[in-house]
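Report on the following structure.
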Amino acid sequence: MYWIGLHWADWLLLVAYLVGVTALGVWSHRRVHNMVDYFMGGRRFGKAFLVFFAFGAGTSSDQAISVVAGTWRAGLPGIWWQFLWLWSTPFYWMVAPIIRRMRAITTSDFFEARFDTSTATLYSVFGITISITIIASGLYGSGKMVNALTGGELQRVAEALDWQVPEFHWDPENLRLVTGWRQVQGYEFAILAMTVLFVIYGMAGGLGAAILTDLIQGILTIIFSFLLLPFVFQKIGGFGTLHTYEIPGKEDMFRLFATGETAQRLGREPLDAFYVFMLSVTALCGIVVQPHIMGVCGAGRTELDGRVGFTYGNFLKRLCTIAWTFTALGCVVWYLHPELSPLPEAQRQRLTPDVGAVVEGKVPFDEQYDRAFADELFGRAAYDLLPAIAPGLVGLLLASLLAAVMSTCDAQMITASGLFTENIYRRFLVKGRSQRHYLWVGRIAGLVIVLLALLLQATFRDVIDALRVVLKWPAAIGISWWVGVVWRRWTPAAVWASTLATILIWAGLAYFPGFWTFLPDWMFIDGAKVADKWQMFLYMSGGLLTGLIVSALTRPVAREKLDRFFLLLRTPVRLGERVPGPCQLPEDPLPPQPRLIERFGLEIPRFTWVDLGGFALAWGLVGLLIWLTAFLARVL
């Protein structure tokens, strides 16, 4: 028995997951008594919970889709859609205790304690915008995936209902907002269902509910990542058979680093050491000011809990990235080899890269169609494989898919509502009210933030490009975070100047390349666009230089304020300690950590063996994951 493209067993598994995870989130409502409980989960979670929280909050199904699509187009180098973040992961071990020692509720609290109220407000607006866009992007990509897993049945239901909703988009040619009406799309029904559920348990239980549910959702995300892998390889003869087939146009698909030709097919510039370095610097600069990271590092009982969660939750994501990549490589062989492909011959030839011209009896390669096929590949493979294996597998994959996106959206909703409640509403609008009052404001703010995300996703046409834009924003204010925790002389005016300069230089490089003709030719791609690696170098260095100049010309922060702040960062967290408010020490603090460097305004603490040993171990895991990827590429 089928309904909307799914077997009754699929519906049974899907409903069981949705009801269970929602009930767990609502149940956690009983432990929410104040702002720290709601926005920090009461700081009561251990390593296992934080590993899965960091993994779930940072992993969404649209990332798997982008890796699979990139691998289809360029082979093994498609893994770098996510692996380029691998190089920054060891630094998470060093960053986590700094964030935990801030004893803050939101990252805006850090800017208030280190600089002033104006910079805290700047970050609050920045962080809320980032969260709204991440929620919108995750819902949009996952909704498309759900529609594919129903065989397009959701879209057919939408066409039959013919519900009309307002539509608006920006017309860049005529510089005006275009409004009108359009039909509700099938994937938007899936988006609405996901939204209702994560809003219910997120509003009820806050960050504690997100962390509890992310333990289950993290396990399901791992299932989502590995479920298709054995079945795809079964279709091509089992593990160890990838190299036994020759796929025209994919001869170099097992090279880990992209050549110029494969990088072009991947939609990127050639991958060299400087590109990897700049992307890693940008990622590391921006990750610390992602709104949910304060919760990832700050919801643990101890510094070590945050360290293990932040670092190894992200290593778990890198492991899943390997599974996504090899699932896609198996799909390349299965769909494109003439003796294995389930596709009609004309469709297969349309996707075969070596058919570049009209040849008698053959269909030419269609690059635009190939890209569209790649974007739907994960869902298409699941729909082609799982129903024939066993009833319920599509439902399991759907539950895992929903877990991946809901775990990201709930964390973003809660952290963004915390930024509004603590750092805008409580600071400027309504002061001195009860904890209960602010809890309800936080819940309502979360609902409004999600509604804005739903409106934003309705304007998307390309979720990957939208996400690329927003993921570069955090680095603009992340510069001030990094300099602010190591150098006393960085001023509030420098925060504003550096952030605005970084954004303006980035926007100019990205959207007005003709203005930069004075730059050397080797910085450009095809003589028309400044290469991405040089864009990152120019806007990051421009923002840093601007901040240094403005810091030298403006009044420094008061010495007493700086002394309190840096003492806070050097004082380890005591298990079970209670602090009177954000960014404040407890009554009985542990002895502060000695300084390694305290000259020229620098404040760098002395490293411990835990710092250095964990950092070295993380770099060892980076090497192990790269070796594992290369090894699997040889033997599978």
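Here region 430-448 is the region considered, the condition is being of a type in the set (Lys, Arg) and assigned to a loop (DSSP other than H, G, I, E, B), and the residue that is farthest from PHE198 (Cα to Cα) is LYS431. Screening region 122-156 for residues that are under 13 Å from the mean Cα position of the chain (by Cα) and of a type in the set (Gly, Ala, Ser) and picking the one that is farthest from VAL394 (Cα to Cα) gives SER131.
Across region 464-481, the qualifying residues are those that are touching a helix residue (DSSP H, G or I) at 6+ places or on another chain (Cβ under 6 Å) and modelled with pLDDT of 85 or more, and the one among them that is nearest to LEU553 (Cα to Cα) is SER480. Of all residues in region 297-348, those being among the hydroxyl-bearing types (Ser, Thr, Tyr) and within 19 Å of the chain's Cα centre (by Cα) number 4. In region 409-418 there is at least one residue that is touching a Phe, Trp or Tyr at 6+ places or on another chain (Cβ under 8 Å), within 26 Å of GLY138 (Cα to Cα) and at pLDDT below 75.
Out of the helices (runs of 4 or more DSSP H) lying entirely within region 1-89, which hold 2 or more residues that are crowded, with 24+ Cβ neighbours inside 10 Å and at pLDDT 60 or above?
Hits in region 1-89: 8-27, 47-58, 61-74, 80-83.
ASN174 passes every criterion in (1) at pLDDT 65 or above; (2) assigned to a loop (DSSP other than H, G, I, E, B) apart from (1). Look at region 537-557: where a residue is over 22 Å from LEU279 (Cβ atoms) and touching a residue at least 12 places away in the same chain (Cβ under 8 Å) and a partner is in a loop (DSSP other than H, G, I, E, B) and among the hydrophobic types (A, V, I, L, M, F, W, C), sitting 6+ places away or on another chain with Cβ atoms under 9 Å, you get LEU548/TRP490; SER551/TRP490; PRO556/TRP490; VAL557/PHE115; VAL557/TRP490. The residue list GLY542, GLY614, GLY601 contains one member that is on the phi > 0 side of the Ramachandran plot, out of contact with any Gly (no Cβ under 7 Å at 6 or more places or on another chain) and not aliphatic (A, V, I, L, M), which is GLY601.
Yes or no, residue by residue, for (1) modelled with pLDDT under 85; (2) part of a helix (DSSP H, G or I):
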position: PRO270; (1), (2): yes, no
position: PHE277; (1), (2): yes, yes
position: VAL289; (1), (2): no, no
position: GLY295; (1), (2): yes, yes
position: LEU316; (1), (2): no, yes
position: LEU329; (1), (2): no, yes
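Quick check: is even one residue across region 135-143 of a type outside the set (Gly, Ala, Ser), buried (at least 24 other Cβ atoms within 10 Å of the Cβ) and closer than 30 Å to GLY613 by Cα? No; the residues of region 135-143 include none that is of a type outside the set (Gly, Ala, Ser), buried (at least 24 other Cβ atoms within 10 Å of the Cβ) and closer than 30 Å to GLY613 by Cα. The single condition among (1) at pLDDT below 75; (2) over 20 Å from the mean Cα position of the chain (by Cα) that GLN457 does not satisfy is (2). Just for region 211-265: of the residues that are in a loop (DSSP other than H, G, I, E, B) and among the polar types (S, T, N, Q), which one is modelled with the lowest pLDDT? Out of the qualifying residues, it is THR259.
Scanning region 520-569 for residues that are surrounded by fewer than 19 Cβ atoms within 10 Å (Cβ to Cβ) and of a type in the set (Lys, Arg) yields LYS529, ARG555, ARG559, LYS561, ARG564. Might you let me know whether region 583-594 holds any residue that is within 30 Å of THR241 (Cβ to Cβ), surrounded by 14 or more Cβ atoms within 10 Å (Cβ to Cβ) and not hydrophobic (A, V, I, L, M, F, W, C)? Scanning region 583-594 turns up no residue that is within 30 Å of THR241 (Cβ to Cβ), surrounded by 14 or more Cβ atoms within 10 Å (Cβ to Cβ) and not hydrophobic (A, V, I, L, M, F, W, C). I'd like to check something: does region 598-609 contain any residue that is buried (at least 16 other Cβ atoms within 10 Å of the Cβ), touching a residue at least 24 places away in the same chain (Cβ under 8 Å) and under 22 Å from LYS317 (Cα atoms)? Looking through region 598-609, none of the residues is buried (at least 16 other Cβ atoms within 10 Å of the Cβ), touching a residue at least 24 places away in the same chain (Cβ under 8 Å) and under 22 Å from LYS317 (Cα atoms).
Collect the residues in region 552-581 that are assigned to a loop (DSSP other than H, G, I, E, B) and under 17 Å from ALA96 (Cα atoms), keeping them in residue-number order.
THR571, PRO572, VAL573, ARG574, LEU575
The values are calculated or read from the model by the stated rules, or taken from the named source; none is laboratory data. Please read these numbers as outputs of a predicted model, since none were measured by experiment. Positions of Cβ are backbone-derived with ideal geometry, glycine not excepted, and every protein chain shown enters the neighbour counts.
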